[in-house]
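Accompanying notes for the structure given below.
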Amino acid sequence: MDETNSKRKETACDLFIQFVHSEVKNVKKWIIAAILLVLIIVGISIKVYMTAMGPVKAAEENAIKLAGNKVQFSEVKDFHIYNGLEIVNVIEGKNKQGKNIIVWIPEKTKQVLVKNASSGLTREEAIQKLLEEKNPEKIMSVRLGMEKNIPLWEIYYRSKDNLINYYYVHFETGEWLKQIENL
């Protein structure tokens, strides 16, 4: 009788151990599956981002090439595409002499306009012009652009009622050009 009970105990222990091992294997499979899923999602996200940035990168390369006829960059600090009345590529960087420069290239005419950054308002000075006339709740972005061949600062901000507003300041003179309010 003792021998039968002993065998049952061994069998019960063996069954329990087998059960635990199979559960551990299942947990390992789920962990591996979750890690693979995360890696696939990250990979797809990177691919989507790279595909989306392709046209911007191509526009940047073309703009730098066009600007190369008028200025040689030692460093490109920023590139963006301004979408106002017209599409304008804007490059901020340093020339070979180490001076900060800004280049505007309208998409249609491809006429390259180069200015020393020191010949116009800084970002902070443009913001100050806005603050002298308006009371923004939050400034969302400040960027260089061009409309009707006039280099400008576009300031996008939200008012107290969370309405969207745009304020445009002449790059060189600092005078107000236009504003779009309460969108």
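Among the residues of segment 139-165, how many are closer than 19 Å to Thr122 by Cβ and out of contact with any Gly (no Cβ under 8 Å at 6 or more places or on another chain)?
Summing the residues that are closer than 19 Å to Thr122 by Cβ and out of contact with any Gly (no Cβ under 8 Å at 6 or more places or on another chain) in segment 139-165 gives 10.
Kindly evaluate Lys77 against the criterion of being more than 25 Å from Tyr166 (Cβ to Cβ), in contact with a strand residue (DSSP E or B) (Cβ under 8 Å, 6 or more places away or on another chain) and among the charged types (D, E, K, R). Before you say what the answer is, go through the steps one by one.
Working: more than 25 Å from Tyr166 (Cβ to Cβ): no; in contact with a strand residue (DSSP E or B) (Cβ under 8 Å, 6 or more places away or on another chain): yes; among the charged types (D, E, K, R): yes.
So Lys77 fails the test.
Of the conditions (1) at pLDDT below 90; (2) part of a strand (DSSP E or B); (3) among the basic types (Lys, Arg), Lys160 satisfies every one except a single condition; which number is it?
Among (1) at pLDDT below 90; (2) part of a strand (DSSP E or B); (3) among the basic types (Lys, Arg), Lys160 violates only (2).
Would you point out which residue out of Asn95, Asn89 is buried (at least 16 other Cβ atoms within 10 Å of the Cβ), within 21 Å of the chain's Cα centre (by Cα) and among the polar types (S, T, N, Q)? Before you say what the answer is, go through the steps one by one.
Values: Asn95 fails: within 21 Å of the chain's Cα centre (by Cα).
On inspection, the qualifying residue turns out to be Asn89.
Any residue in segment 104-123 that is over 13 Å from Ala67 (Cα atoms) sitting within a Cβ distance under 8 Å of a residue that is part of a helix (DSSP H, G or I)? List the pairs, counting only those 6 or more apart or interchain.
So the pair list comes out as Leu121/Lys129.
Being surrounded by 20 or more Cβ atoms within 10 Å (Cβ to Cβ) and in a strand (DSSP E or B) is the filter here, so list the residues in segment 169-183 that pass it. Before the answer, list the steps.
So in segment 169-183, the residues surrounded by 20 or more Cβ atoms within 10 Å (Cβ to Cβ) come out as 169, 171.
The one that is surrounded by 20 or more Cβ atoms within 10 Å (Cβ to Cβ) and in a strand (DSSP E or B): Val169.
Could you tell me which numbered condition Val103 fails, if it satisfies all but one of (1) of a type outside the set (D, E, K, R); (2) under 19 Å from the mean Cα position of the chain (by Cα); (3) surrounded by 13 or more Cβ atoms within 10 Å (Cβ to Cβ)?
Checking Val103 against (1) of a type outside the set (D, E, K, R); (2) under 19 Å from the mean Cα position of the chain (by Cα); (3) surrounded by 13 or more Cβ atoms within 10 Å (Cβ to Cβ), the one that fails is (2).
Tell me the residue from Ala52, Ala63, Ala58 that is in a helix (DSSP H, G or I), within 33 Å of the chain's Cα centre (by Cα) and touching a residue at least 40 places away in the same chain (Cβ under 8 Å), please.
Values: Ala52 fails: touching a residue at least 40 places away in the same chain (Cβ under 8 Å); Ala58 fails: touching a residue at least 40 places away in the same chain (Cβ under 8 Å).
Every option except Ala63 fails the conditions.
Go through segment 66-91 and give me each residue that's farther than 15 Å from Glu154 by Cα and either assigned to a loop (DSSP other than H, G, I, E, B) or acidic (Asp, Glu) (or both).
Gly68, Asn69, Lys70, Val71, Gln72, Glu75, Asp78
Where residues in segment 66-83 are touching a residue at least 40 places away in the same chain (Cβ under 8 Å) and surrounded by 15 or more Cβ atoms within 10 Å (Cβ to Cβ), which of them is nearest to Pro106 (Cα to Cα)? Explain how you work it out, then say what you get.
First, pick out the residues of segment 66-83 that are touching a residue at least 40 places away in the same chain (Cβ under 8 Å): 66-67, 69-71, 80, 82.
Restricting the remaining residues to those that are surrounded by 15 or more Cβ atoms within 10 Å (Cβ to Cβ) gives 66-67, 71, 80, 82.
Details: Leu66: 11, Ala67: 11, Val71: 16, His80: 12, Tyr82: 9 Å.
The extreme case among them is Tyr82.
Looking at segment 147-157, which of its residues are touching a residue at least 24 places away in the same chain (Cβ under 8 Å) and either outside any strand (DSSP E or B) or under 25 Å from the mean Cα position of the chain (by Cα) (or both)?
If the condition is that a residue be touching a residue at least 24 places away in the same chain (Cβ under 8 Å) and either outside any strand (DSSP E or B) or under 25 Å from the mean Cα position of the chain (by Cα) (or both), then Glu147, Lys148, Asn149, Pro151, Leu152, Trp153, Glu154, Ile155, Tyr157 are the ones that fit.
The values are calculated or read from the model by the stated rules, or taken from the named source; none is laboratory data. This is a predicted model, so every value here is computed, not measured. No Cβ is skipped: glycine too gets one built from the backbone with ideal geometry, and neighbour counts run over all protein chains shown.
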